[in-house]
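Data first, discussion second: the structure below is written as C-alpha cells.
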Amino acid sequence: MGIDRPGKFDFIALKGDPIQASNFYGQDILSVSQFTRESLAYIFSVAEEMREMVQGMGATDLLTGYVLACLFYEPSTRTSSSFIAAMERLGGGVIPITQGVQYSSVSKGESLPDTIRTLEQYADAIVLRHPQVGAAKVAADYAHVPIINAGDGTGEHPTQALLDLFTIREELGKIDGLRVAMVGDLKYGRTVHSLTRLLSMYDVEIFLVSPEILRLPLDQANDLRDKGIRVRETYHVADVISTVDVLYVTRVQKERFADLSQYEEVRDFYEITPDLMKQAKERMIIMHPLPRVGEIHYAVDDDPRAAYFRQMRNGMYIRMALLAEVLGKARQ
Ligand code: NCD
C-alpha cells in the first residue's frame, strides 16, 4: 500500500559495491515469498549499517516524526521488544499494544479491520501478530499504511526468517553450500515455514528432523523438492548432528494442539546436550527462535557454537533495516 511522505533526512550511503536496492517503500511485509536473493542482500547490507550505527551511536533520528503501531494478539517477548527497540533507536515513536489486546477495544468485540483502520489514523506502519493464518493479509487489504506480519498463526513469520538467514550469513560467512537441519515442530512452527522457504532460494541441503506427527506439511516439503533442494527426513538429531552446519531447533508449539495428550507425547522428544554437541562439527551453529522449553540445555549456552542470543540481537538490526525500508528512509 502506498504512503507518500516527503523525505526528511539523508542517512544511509551504501558502502562497497552497489547492490540492487529492493523496493519495499510503502509495501506490506507479509511473506518471505516477496523477497529475492538481491533484495535480501540489500536488506542485509542495511542491517549491517544499522549495527554499526547502534554500536557507534546507539540511536539516530532517521525516523523522527514517524510512529509504529505494534498490535499483538499473541504473546511475544523478542519480536515485540525488538520492533519497539528498532523504532526507538531510529528516533521514531511506538504505540505498543503488546501486553494483551484485552486492554484494547478488541475485548469490546472490535474486528481486526476496524482495529487496523483505527491504528492507521495514528501510525505510519503497523506490526501485527495474530493467531489466524492469513490475518496479516486481511489487515493489509484494509490498511493504507504498511502491514508487517509478525506471525500469523501457523502460517509465516517473515521478519524472523530474515533475521535467521542474516544470522547464518554473519556466523558462517555464506549460505550457499550449507547443510541445515530444522529440528522439532516442523508442522506448526511458522518460523520453520518461513525459513525453509527462504533457504530454498539458495543452494542448500535441508534435513527435516521431527517426530512423525510434527513433520513439515507435505505441500511445503514438496515445494522444496520442486525447487531442486535436497531434502532428507529423519526422527533423530543423532543422524545429522555430525554433518550439519546449522542446527535450527524449535519449541513444540503447545498452543496449536487440539489434543493436548498428543503434545505430551512429543514435548520432550529433543534435548540438545553438551554431550550431543561433542559430535557436531567445530565450525557450525545452533540456532533457536526462542522461547525454549527444554529443547536446548542451559549447559549448551557457553558453547561458542550456540548462536541463539546473537541471533535475537540481529533481530533488532534486521527490523531497523525493514522499518527504514518500508518507510522510505533506507536509501535516498
Ligand atoms: C517464535 C514465534 O512466535 O513463532 N518466537 C519468536 O518470534 N521468536 C517461535 C515460538 O514461539 O516458538
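The values are calculated or read from the model by the stated rules, or taken from the named source; none is laboratory data. Note that the structure is a prediction, hence the values are computed from the model and not measured. In this analysis, Cβ positions are derived from the backbone assuming ideal geometry, glycine residues included, and neighbour counts consider all displayed protein chains. Heads up: the accessible areas ignore ligands, DNA and RNA and are worked out on the full protein's heavy atoms, side chains in. Shrake-Rupley method; radii C 1.70, N 1.55, O 1.52, S 1.80 Å.
Quick notes
- ³J(HN,Hα) computed for each position of the range 273-285 - Karplus, 6.51 cos²θ - 1.76 cosθ + 1.60, integer Hz, glycine/proline x: 10, x, 5, 4, 5, 5, 8, 7, 5, 5, 9, 7, 9
- Between ASP61 and ARG283, the contour length at 0.36 nm per residue exceeds the Cα-Cα span by 76.1 nm.
- Backbone amide hydrogens, once placed in the peptide plane, bring CYS70 within less than 5 Å of ILE95, ILE97, VAL127, excluding anything fewer than 5 places away on its chain.
- The range 182-332 shape via C-alpha gyration tensor axes, a/c threshold 1.5: rounded
- About the centre of its Cα atoms, the chain shows a dipole size close to 340 debye [charges on the beta carbon of Lys, Arg (+1) and Asp, Glu (-1) only; nearest 20 debye].
- Karplus (6.51, -1.76, 1.60) ³J(HN,Hα), θ = phi - 60°, over the range 204-216, in Hz, Gly and Pro reported as x: 10, 10, 10, 9, 9, 10, 7, x, 3, 6, 10, 5, 4
- Taking every C-alpha pair closer than 8 Å and separated by at least 6 residues, the mean separation divided by the residue count of the range 58-153 gives a relative contact order of 30 percent.
- Assigned charges on the beta-carbon of Lys, Arg, Asp, Glu; the range 172-294 dipole about Cα centre (debye): 360
- For the chain, the 222 nm mean residue ellipticity estimated from helices alone, with every DSSP H stretch of n ≥ 4 adding -39500 (n - 2.57) and the total spread over all residues, rounds to -10500 deg cm²/dmol.
- Contact order normalised by residue count of the range 181-332, Cα under 8 Å, 6+ apart, percent: 22
- For the range 100-233, the spread of Cα coordinates along the three principal axes comes to 48, 34, 25 Å, biggest extent given first.
- Shape category assigned to the range 71-123 from the gyration tensor of Cα positions, a/c cut at 1.5: oblate
- What the Kirkwood sum gives for the chain is a hydrodynamic radius of 20.4 Å, with every pair of different alpha carbons counted.
- Candidates THR36, MET50, PHE166 compared by Cα position along the dipole of the chain: farthest toward the positive end lies MET50, with charges placed on Cβ.
- Shape class of the range 157-245 from the alpha-carbon gyration tensor: rounded, with the ratio a/c of largest to smallest axis under 1.5.
- Antiparallel bridge percentage (DSSP; both residues within the chain; nearest 5): 0
- Of the residues SER111, VAL67, ALA238, the one whose Cα sits farthest towards the positive end of the charge dipole of the chain is VAL67 (charges of +1 on Lys and Arg Cβ, -1 on Asp and Glu Cβ, taken about the Cα centre).
- In order through the range 305-322: 3J(HN,Hα) via Karplus (6.51 cos²θ - 1.76 cosθ + 1.60), integer Hz, x for Gly, Pro: 6, 6, 9, 5, 7, 5, 4, 5, 5, 4, x, 5, 5, 5, 6, 4, 4, 5
- Estimated from the Cβ-Cβ distance and a Förster radius of 41 angstrom, the FRET efficiency linking ASN23 and SER261 is about 0.25.
- Per residue solvent-accessible surface (Å²) - the chain, probe of 1.4 Å: 43
- Selected from PRO211, MET201, ALA221, residue furthest toward positive end of dipole (the range 181-226; charges at beta carbon): PRO211
- Annotation: amide H of GLY328 within the under-5 Å range of GLY26, sequence separation 5 or more or interchain, hydrogens built in the peptide plane.
- Only Lys, Arg (+1) and Asp, Glu (-1) charged, at Cβ; the range 257-332 dipole about Cα centre in debye: 780
- Long-range amide H partners of ILE272 with built H, under 5 Å: ILE296, HIS297
- Contact order normalised by residue count of the chain, Cα under 8 Å, 6+ apart, percent: 21
- Whole-percent carbon and sulfur share, accessible surface of the chain, 1.4 Å: 49
- Computed over the range 65-174, the quotient of the alpha carbon radius of gyration and 2.2 N^0.38 Å is 1.09.
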